[in-house]
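The values are calculated or read from the model by the stated rules, or taken from the named source; none is laboratory data. Worth saying up front: this structure is predicted, and the values here are computed from it rather than measured. FYI the Cβ positions are ideal-geometry reconstructions off the backbone, even for glycines, and counts take in every protein chain you see.
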């Protein structure tokens, strides 16, 4: 498993000036070749579980750009789906979930869960076989809090947020999600994933005093579960929008890598030399015509992390109206920095 992103976890590589680059949602709606395949898949969950199409979509951005990693084309809500909760994706709205049956959810067994996601793992194997040996394959999952938010709120909490459960029940459900996420990540590694990224997309809506039980502890336990079996597989955490709590998260959770959202003030970071930092750049810049601003912002991150362990990425996923020429310019700039 010698490739740029994994090597970045080796401090010796920093002296060679290697800055790996991949982009969250690099396979997606801004690519015409993606749109073509997407048009043939009516239901998004079925699309994610279509071995041929998901494999092809995973590899599409690497055919266009000199990226160092492929991230498997999937969705964080596949876990909810595999645990028995119906998930639909409504155009221009987002995910819509059916009411969670707590009892049925808490009793879901490992073999049933894994079997429902078997196509995801077959896609992982397929991509690993097709991917150049020097490229990293990233597997991922949503973190327990974020999955719980969708499970109970039944949609994105962007405009409305209500969990409708007492705290003791929330903790019980979170513990089940810890098991599910751990199973899913370990299965992805078994089938070829070199790195795992955990997306806690809604960590930013947690009150500070609840950050440890709802966000930090679940992510920490998943990392521990993975490391028991695969001690050398790096795990990157993305606790989005927790702002000044990012250094506390790193201290308490001890991930191999930490992904920064674009609201993180990098000047306030208490850099941990044992951790790889990733991302930060505003994704909306890739939708503009101002190439100078793109380069200026990319250079700001590259200069700040010049003597630190760093993977270039965005502070959130690539936007649908991203211009392909901007992605190409960004990748080439980072590669030649």
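Yes or no, residue by residue, for (1) in a helix (DSSP H, G or I); (2) without any contact (Cβ under 8 Å) to a residue 60 or more places away in the chain:
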| residue | (1), (2) |
| --- | --- |
| 105 | yes, no |
| 121 | yes, no |
| 133 | no, no |
| 157 | no, yes |
| 161 | no, yes |
| 164 | no, yes |
| 184 | yes, no |
| 187 | yes, no |
Checklist line | Checklist (1) more than 18 Å from residue 143 (Cα to Cα); (2) surrounded by 21 or more Cβ atoms within 10 Å (Cβ to Cβ); (3) more than 20 Å from the chain's Cα centre (by Cα) applied to residue 104, failing item | finding: (2)
Notebook entry, point to check: Here is a list of conditions, (1) closer than 18 Å to residue 261 by Cβ; (2) surrounded by fewer than 22 Cβ atoms within 10 Å (Cβ to Cβ); (3) touching a residue at least 40 places away in the same chain (Cβ under 8 Å), and residue 211 meets all of them except one; can you say which number that is?
Noted result: (3)
Notebook entry, point to check: Considering segment 21-46 alone, what residues qualify as being crowded, with 20+ Cβ neighbours inside 10 Å and modelled with pLDDT under 95?
Noted result: 28
Margin query: Name the single residue that is farthest from the chain's Cα centre (by Cα) among those in segment 269-299 being within 25 Å of residue 234 (Cβ to Cβ) and part of a helix (DSSP H, G or I).
Written below: 298
Next item on the list: Kindly indicate which of 67, 62 is at pLDDT 95 or above, crowded, with 18+ Cβ neighbours inside 10 Å and in a helix (DSSP H, G or I).
Entry: 62
Check: Within segment 228-249, is even one residue without any contact (Cβ under 8 Å) to a residue 12 or more places away in the chain and within 28 Å of residue 101 (Cβ to Cβ)?
Finding: no
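Do you know which residues across segment 302-317 are more than 20 Å from the chain's Cα centre (by Cα) and either under 20 Å from residue 136 (Cβ atoms) or assigned to a helix (DSSP H, G or I) (or both)?
302, 303, 304, 305, 308
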Check: Considering only segment 90-115, how many residues are more than 15 Å from residue 188 (Cα to Cα) and modelled with pLDDT of 95 or more?
Finding: 16
